[in-house]
Amino acid sequence: MRRVLAAIAIGSFLVVDAVLIVTAASVGSDTPASSVAPFGGPTRSPVPSANADGLQTPLKPATRLITVFDDQSAWRASVAGCPRADVLVEHSVDGGGSWDGFDLGTAGGLSSPLSLESTADPSTVFMIARDKTDCRATWVGTTDGGAAWAAYPDRTATAWFIEPTNNAAVNTPAGIRTSPCAQAVSLASRNDSSAAVLCSDGSIHTTTDVGATWTQGPSVARAEAIGAGLDGYLIAGRSDEAACTGVFISGIDEQPGGPASPVSTCVETGNSSTEIALSGKGSVIWLWAGATVLRSTDSGATWG
């Protein structure tokens with residue numbers, strides 16, 4: 001994994017729009033995705049299960065983000081506490097074979113990311129992260145694969161993310177809205193109007209009107225992670241199949257009312273980690289589970 005340090009602190013750009021130039025100071029070498037260890041972040045709770053009172057063990061906030069552009073390009077980052085954790089954003093352009101890392105914390109002044117979105121091309125990603133000085137959320141992006149980054153704090157209010165100091169609230173492109181549950185742990189958005197939230201009780205809620213109203217989605221047992229993809233949203237969790245050491249993936253429609261449908265009943269990851277993130281676009285899905293990154297280019301039928 002190659003890390004690139006930010007040469008100028010992003011924190012100094014949080015008043016007006018400005019471009020932050022990042023110097024390509026290589027540290028270390030590219031590392032295959034299959035051997036990349038998780039970097040930072042608190043430990044997730046076990047797969048939801050019933051306790052002695054019949055109640056589900058609450059999920060904790062998601063600790064990973066990944067966003068896909070196509071079968072070759074994706075961006076990822078880990079989530080942890082502010083201001084302790086530095087932001088390290090990684091980019092792969094070879095299907096996860098190697099990752100270039102951009103350290104926006106040590107010299108850039110940014111802490112834990114809240115959202116990550118790949119948009120116009122494989123070199124562009126936008127992120128909501130927290131300023132290390134006061135842990136406020138701010139919008140940061142690159143359009144050239146990480147060579148230069150810009151901070152746009154005035155755009156922060158137009159993004160989707162769970163409010164970091166109040167998990168009962170969601171920031172939307174139309175402003176802050178009440179979350180569909182007291183503890184939202186993960187959010188995936190498809191556009192300015194539509195998003196889905198995974199709650200600490202394992203329930204899933206969707207909106208198509210910028211969070212003005214939420215509809216409870218179909219139940220997906222053992223849900224651990226949610227991501228945008230295919231024709232709606234992707235849900236993942238540790239598989240309970242005896243012969244499977246890995247993850248199951250289900251899909252739900254963007255429009256409420258439909259049932260969950262199986263995408264992959266077992267994606268063999270070689271580990272039983274509940275540190276899971278996934279993202280899809282078209283027929284392409286990327287899955288990051290434990291130290292393993294896998295891709296499917298046929299809507300989850302096969303993985304490699």
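Take every pair of alpha-carbon atoms less than 8 Å apart whose residues are at least six positions apart; their mean separation over the length of the range 113-270 yields a relative contact order of 11 percent. When only C-alpha pairs under 8 Å and at least 6 residues apart count, what is the relative contact order of the range 91-188, in percent? Taking the mean separation of contacting Cα pairs over the length of the range 91-188, I get 16 percent. Spacing of the modelled spin labels on Ala169 and Thr213, each 7 Å from Cα toward Cβ, amounts to 2.4 nm.
Think of the range 51-150 as a dipole: +1 on every Lys or Arg Cβ, -1 on every Asp or Glu Cβ, centred on the Cα centre; then among Ala107, Leu59, Ala74, Leu59 lies furthest on the positive end. Counting Lys and Arg as +1 and Asp and Glu as -1, what is the net charge of the other residues whose Cβ lies under 15 Å from the Cβ of Gln255? Surrounding charge for Gln255 is -3. Each residue of the range 153-164 is assigned a 3J(HN,Hα), and the resulting list reads x, 6, 8, 4, 5, 9, 9, 8, 5, 6, 4, x Hz, derived from the Karplus form 6.51 cos²θ - 1.76 cosθ + 1.60 (θ = phi - 60°), x at Gly and Pro.
Rounded to the nearest whole Hz, the Karplus-based 3J(HN,Hα) values (6.51 cos²θ - 1.76 cosθ + 1.60, θ = phi - 60°) of the range 175-187 follow the sequence x, 7, 10, 5, 5, x, 8, 5, 9, 7, 10, 7, 9, with x at glycine and proline. Residue-wise HN-Hα couplings along the range 105-110, as the Karplus relation 6.51 cos²θ - 1.76 cosθ + 1.60 with θ = phi - 60° gives them from phi, are x, 4, 10, x, x, 10 Hz; Gly and Pro carry x.
Read-outs throughout are calculated quantities, based only on the coordinates presented, and are distinct from any laboratory measurement. Small disclaimer: the values here were computed from a predicted structure and weren't measured. Cβ atoms come from the backbone with ideal geometry, glycine included; neighbour counts cover every protein chain shown.
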